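J.: Before anything else, here's the structure in question.
Bear in mind these aren't lab numbers, they're just calculated from the coordinates by the rules spelled out. Predicted, not measured: the structure shown is a model, and the values here were computed from it. Positions of Cβ are backbone-derived with ideal geometry, glycine not excepted, and every protein chain shown enters the neighbour counts.
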Amino acid sequence: MTTLTDPPKGNFRLSQLIYDTRYRSITIQVIAMILVLLGIFWLVNNTIQNLSALGKDFDFGFLSQPAGYDINQRLVEYTSQSSHGRAAIVGILNTLLIAFLGCILATILGVVVGVLRLSKNWVVSRMMAVYVEGFRNVPLLLWIIAIFALMTEGMAQPRDFKVGGDASMILGDSVAVTNRGVYVPGVILENGLFGSAVLNWLLILAVLIASIVCIRILSRRADHIQESTGVRPTTWYQQLALLIVPVGLVLILMGAQLQFPYLKGFNFTDGIHLRNSLIALWLALSLYTGAFIAEIVRSGILAISKGQSEAAAALGMRPSRTMNLVILPQAMRVIIPPLISQFLNLTKNSSLAIAVGYMDVRSTLGGITINQTGRELEGILLMALFYLVLSLVISGVMNVYNNRTQLQER
Amino acid sequence: MNNSEISFVRTEMLPEKAPPAKETGAIKWVRQNLFSGWLNILLTVLSLFAIYSVLSLILPWAFGGVWNAGSLTECREVLFSFYKGSHDGACWAVIEDRWLQIMFGFYPPELYWRPILAFVLLFVALAPILFADKVPGQLVWFSLAYPFLAAWLVWGGSVWLPIFAAFGFVAAVIAYKILSKLAGPIVANLGALAAALIWWGMLMAPISDGLHKMVGSSRFDNTVATLNARTDELPAQVAAEDALLEAKQAEIAEAVAVKNEILIEMTGIRIEEFGIEEQFEAKEVALQRLDGASESVSDLADILDEWGGAPAAASDASEVDIAKAQAAAETAEDLVGDIGSLLSGALSDLAGDTVDPSELLVPSASQADPSILEDVSSMVSKAGLEDPIAALIARAESVTTETSEADLKDLQADIETASAALGANIEALQTVHDKVIATNADALVEPQARLLDQTAILTALRDDQTVISQSKFRLETELSEGNSFLSSLQSLNEREASLPILQGRVDELKAELPRNMRNLIAVNQLPEGTSSADERLLSEYLGAKNDVLSVSASVNDTYGELGRVGLLPIDSRKIGGFMLALIIGIAGIVLSLPLGILLALGRQSHLFIVNKICVVFIEVIRGVPLIVWLFTASLLLNYFLPPGTNFDLVLRVIIMVTLFAAAYIAEVIRGGLAALPTGQYEGADSLGLSYWQSMQLIILPQAMKISIPGIVNTFIGLFKDTTLVLFIGLFDPIGLAGAIRADTAWNGIYWELFIFIGLLFFIFCFSMGRYSLHLEKKLQREHR
């Protein structure tokens, strides 16, 4: 038998810090720490010196000063008398809006294209391949600018929509695509329960969420019944009713009315005006990210081994049920993490809004505010912080989801 | 077994029958792949329709484009002479004119060979990495030297600058070798870092300046003499180029005149066409009015029918009914008015803007096609169209709300007759028009060909003009730069002599200054309540210090130019276009690879602090968009560096892009490291390899192999993202597209430029992606 010998317990010598593996890691870390701290100190010191030489200080007071510039698209109340902080919030909301819209459209596009790319139909799969390669290999900025140019140069002027003009509204005279933007019908609440429109819409949203929760409970119960009796109760009409009726009731109660855009003078009024900048950015971001998502979806489906679908077929499952119950749940596990990272990319890429003048956080806080107040350091710091927090939140959500769906391995 | 019951047993197999025709070859493929079910059929038809509608839009535009033109207006002239506005064509002439600019930005054309050589050498430098088994191993040294060589080729400057820059690494290696024997690896690493920093930060610039000074002093007299001679002869050369340029411009003006003559000639041929076209517009408007009048009559009849005569309320009607009746009566009155005004409008359209068929000028066309004359003569005369309408107007005047329904029906029928006559007239005119165009088409072929030839000649002339004006510009720059260089050479001795005096003044002032103020760098750093004398003293001191700095910098500049042994330096602002994208992309990826590997190892490391530092760095960089980092580079980097440092924007962008790409590469390589089985790490440990040995020999080669697709994807992403430098004032291809559009000649051009730039990026990125797939397959060792 061999016996374990303890390392010699002699007196600690200084050279052990370098030669003894027990202490060396501490030495390395301390040195790394010192180097990093020295670097940070050097940068901060330089900054302090430069700032004082320019007669500037490090102060966030500018956020409460009046901004003095207009923002053409705003989700919350804002005028040019509002503060820079308010302008930043308007910008943040615009960033979140474009990110939200973009993620939805990109996911739809990506899933459809990813599935179609696997289609046995040669023409369809080739066409999807052309779309994917075309969008993946050309800079996003070029797409944004090109779509913006298409909107402003290629579309009809509002006055062409006059009777006898060259252009006409589409979808039953409800949508007008003009070179100043797209006009779609809007919903107005004639007698809202609250004074502010935002609160009214929040109420509707809350009702919608409550309905969805009820639908979830209903389908859980159906699952239970199916598991215990083997017969699944038909619930789709209940679910549909749950989805539509409460929201519909609230809308009717508030006197909701569709407002169609119509031509007045040389421009359209009423309805919702989606500016070219929003449309171009939205479409370009969605088409670009959709191409990446399509590849993710495709590889996710391909990653499920053929044996799974063969086994499902052996059990007598129809192809659609095989897809829904066997392939997709497994593919989702592969698809979700890169999908979320594409959402992150889309959110970060929305900062390209500057190319078309969409007023996102980079254009308000990181653009006009910086130019007007000369607070580059504070402005860029706040903007970076916003994007960082957004990224961390999204990746945090992704990790939670990932941990929940991860295959429990031994 | 009863064999006798079996009547027949086949002993050999029957030959296989050929499958039915629809189960073989192309038909089978089409049936299986395109039309296998109703959904598939629908998809196929829909996608074929989509492809057709896109191609039918793009192909005629792209292939009917114009390649030779000096401006968008000229493009449109040529397009009009071919298609007469019936369809649009691309103006590829802008690409022909500006493609070099999109590739190289504002880089001097005579020096294009430098970036091209650097690009070609890139492949030599990549050879040891891409084809390790086919090229000699020594080529790796060239790969190591390549970054310095390429930077020197692109930016120019003295030949020792890249060598000195590279020597920093050599110094680090030497310091490491010496120290690792004396004091172990940790000290050696720190020493190497210190040696490189000391060399780059403190020794490199003075030694380089010294070399310039040495070479410069020995050349001084010689240079002055050559410069004097050169500046004497240059004005004559510029004048000669000027004369050439003027001659060329005259030639161009002549060619333009010839082109315009051809255009006029073509207009002359088409004059008959144009004459007929003028008729169309008025007649069509008149037709619309007639149709409007007929509609009004029928509306009126409807109202009268509904109310049984003129709308009026019964005596006992309610208020609502009275209002209704009133409204109907008003509408009826309006309609009565409309009928009259529409009819007279139609008449005045015809009377004012149309001519009698006999007055249509078709002499030359009718010569070519006599049937035209018959067509014209069979057309209704002008009076034949107008008179019925005039009669209708007279009848319409008598129309009131009391008119009987039968009369209205009658009137409507007559209006429709008149409108039908007009419609037939327009159709006849259309036939004539088509025939005239057909006769003209033959006559136009020859001038069209001549026009194309002429535009080609014009383009060639303009290219010559560009060459001449470029060489003139070169000579002029040489002259002005030579003159200013001469004057700076003449003042060189004086400036050099003034340096010690200025320095003496600085020292003097510094001695006078209170001790606590000596480190200040700006007056507004002074604490409140400083005496004005002190303040003045400080500002004088700072001014004197600034003088010393600027004079010594100008002396160094002059010596730098005087003693330059190497290539002409090129300013970063002149670098642009696709070249800029390549420089930033390639520099970013090459520099970020080592950094990314270190970060990935750090993130996998068990050393707590190192690990956390790397995690924070990677997450912060990845969490913020590149555009924000670029703004940081352009707006904030000056804050973070020591006061007074100011360096090249392209270099700043490269640094920022490198840090950005390093974080992404680190994540890719971390994935590769995590994908390796633990056995590999344990195996390396059990062999007794140290950490770095095991990484270098066992782990990284495998991890890198797994990471290749990810690294290439990062590179493609980075390459596409280089277009973002547009926002901080550098001219990437998209920025150049804007610059080209700012030129009045090409104002209004969009798609041609977008397509060209998009194609450039597509070809580059797509082939990179395909290459990475190929590499992945080649390096695949296991069977899956």
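J.: So if I take the centroid of the Cα atoms in the range A:81-106 and the same for the range B:715-784, what is the distance between those two points in Å?
T.: If we compute the Cα centre of each part, the gap is 29 Å.
J.: Still on this structure, I have one more. At 222 nm, what helix-only mean residue ellipticity would the protein assembly as shown give, in deg cm²/dmol to the nearest 500, using -39500 (n - 2.57) for each DSSP H run of four or more? Write out the running numbers ahead of the final one.
T.: Values: 38 runs with 841 residues, N = 1194.
Value at 222 nm, helices only: -24500 deg cm²/dmol.
J.: In the protein assembly as shown, if the dipole is taken from +1 on Lys/Arg beta carbons and -1 on Asp/Glu beta carbons about the Cα centre, which of B:Phe631, A:Gly230, A:Thr21 is farthest to the positive end?
T.: A:Thr21
J.: Counting only Cα atoms, I'd like the Rg/Rh figure for chain B, Kirkwood definition for Rh. Before the final figure, lay out the partial values.
T.: Working: Rg = 42.0 Å, Rh = 36.6 Å.
Rg/Rh: 1.15.
J.: Let me ask something else. Classify the protein assembly as shown as rounded, prolate or oblate from the Cα gyration tensor: take a ≥ b ≥ c as the square roots of its eigenvalues, call it rounded if a/c is under 1.5, otherwise prolate when a/b beats b/c and oblate if not. List each step's numbers first, then the result.
T.: Numbers: a/c = 1.77, a/b = 1.38, b/c = 1.28.
It is prolate, given that a/c is not under 1.5 and a/b is the larger ratio.
J.: Taking just the alpha-carbon atoms of the range B:491-557, what radius of gyration and Dmax come out, in angstrom?
T.: 13.5, 43
J.: Which Cα, out of A:Gly186, A:Ile108, A:Leu388, lies furthest along the positive dipole direction of chain A (beta carbon charges, K/R +1, D/E -1)?
T.: Farthest along the dipole direction, towards plus: A:Ile108.
J.: Can you work out ³J(HN,Hα) from phi for every residue in the range B:442-450, in order, using Karplus 6.51 cos²θ - 1.76 cosθ + 1.60 and θ = phi - 60°, giving whole Hz and x for Gly and Pro?
T.: 5, 5, 7, 3, 5, x, 4, 4, 5
J.: State to the nearest 20 debye the size of the charge dipole of chain A about its Cα centre, where the only charges are +1 on K and R beta carbons and -1 on D and E beta carbons.
T.: Numbers: 30 positive and 21 negative charges, 239 e Å.
Computed about the Cα centre, the dipole is about 1140 debye.
J.: Need the C-alpha centroid separation for the range B:178-199 versus the range A:255-316, integer Å.
T.: First find each Cα centre; the distance between them is then 57 Å.
J.: Is the shape of the range B:490-631 rounded, prolate or oblate, going by the alpha carbon gyration tensor and its root eigenvalues a ≥ b ≥ c, with a/c under 1.5 for rounded and a/b larger than b/c for prolate? Write down the numbers at each step before the final one.
T.: Working: a/c = 2.90, a/b = 1.49, b/c = 1.94.
Judged from the Cα gyration tensor, the range B:490-631 comes out oblate (a/c at least 1.5, b/c at or above a/b).
J.: Given +1 on the Cβ of Lys and Arg, -1 on the Cβ of Asp and Glu, and no further charges, what dipole in debye does the range B:93-240 carry about its Cα centre, rounded to the nearest 20?
T.: Values: 8 positive and 8 negative charges, 130 e Å.
Rounded to the nearest 20 debye, it is 620 debye.
J.: Checking the cross-link filter: which lysines have an alpha carbon closer than 17 Å to that of A:Lys120, excluding same-chain neighbours under 8 positions apart?
T.: Leaving aside lysines fewer than 8 places away in the same chain, those within reach of A:Lys120 are A:Lys306, B:Lys28.
J.: Shifting gears a bit: Pull out a ≥ b ≥ c, the square roots of the eigenvalues of the alpha-carbon gyration tensor of chain A, then state rounded if a/c is under 1.5, prolate if not and a/b is larger than b/c, and oblate in the remaining case.
T.: On the way: a/c = 1.89, a/b = 1.17, b/c = 1.61.
The shape class here is oblate.
J.: Here's something else I'd like to know. Evaluate the charge dipole of the protein assembly as shown about its Cα centre and quote only its size in Debye, nearest 20, assuming +1 on the Cβ of each Lys and Arg and -1 on the Cβ of each Asp and Glu.
T.: On the way: 82 positive and 112 negative charges, 1985 e Å.
Value, rounded to 20: 9540 debye.
J.: Where does the longest stretch of chain B lie that holds no GluC sites (Glu not before Pro) found in a DSSP loop with 12 or fewer other Cβ atoms within 10 Å? Show your work: numbers first, answer last.
T.: Details: sites that count: B:Glu12, B:Glu16, B:Glu402, B:Glu528, B:Glu782.
Looking at chain B, B:17-401 is the longest stretch - no exposed GluC sites (Glu not before Pro) with at most 12 other Cβ atoms within 10 Å.
J.: Return the ratio Rg/(2.2 N^0.38 Å) for the range B:660-784, where Rg is computed over Cα atoms only. Each step should come with its number before you reach the end.
T.: Numbers: Rg = 21.3 Å, N = 125, 2.2 N^0.38 = 13.8 Å.
My calculation over the Cα atoms of the range B:660-784 gives 1.55.
J.: Same structure again: Along the range B:163-172, what does the Karplus equation 6.51 cos²θ - 1.76 cosθ + 1.60 (θ = phi - 60°) give for ³J(HN,Hα), rounded to whole Hz, x for Gly and Pro?
T.: Values per residue, Gly and Pro as x: 5, 5, 4, 5, 5, x, 5, 4, 4, 4 Hz.
J.: Let me ask something else about it. So for the range B:275-439, taking the charge dipole from beta-carbon charges (+1 Lys/Arg, -1 Asp/Glu), which of B:Ser298, B:Ala421, B:Pro357 sits furthest toward the positive end?
T.: The residue sitting farthest along the positive end of the dipole is B:Pro357.
J.: Which ³J(HN,Hα) values in Hz, rounded to whole numbers, follow from the phi angles of the range B:663-668 under the Karplus curve 6.51 cos²θ - 1.76 cosθ + 1.60, where θ = phi - 60° and Gly and Pro get x?
T.: So the J values, rounded to whole Hz, are 5, 5, 4, 4, 5, 5.
J.: Then there's this: Using the alpha-carbon centroid of each, what span in Å lies between the range B:378-416 and the range B:453-508?
T.: Value for the Cα centre distance between the two parts: 82 Å.
J.: Then there is this: Can you give the Kirkwood hydrodynamic radius of the range B:275-439 from its Cα pairs, in Å with one decimal? Kindly include the intermediate steps, with their values, before the conclusion.
T.: Values: mean 1/r = 0.0567 Å⁻¹.
Value: 17.6 Å, from the Cα pair sum.
J.: What residue among A:Ser309, A:Ser25, A:Ser82 has the largest mean-square fluctuation in a Gaussian network model of chain A, using Cα springs under 10 Å?
T.: Residue with maximal mean-square fluctuation among A:Ser309, A:Ser25, A:Ser82: A:Ser25.
J.: Run through the range A:102-201 and list the GluC sites (Glu not before Pro) located in a DSSP loop whose Cβ has at most 15 other Cβ atoms within 10 Å.
T.: Details: sites: A:Glu133, A:Glu153, A:Glu190; in loops: A:Glu190.
Counting only loop positions with at most 15 other Cβ atoms within 10 Å, the GluC sites (Glu not before Pro) in the range A:102-201 are A:Glu190.
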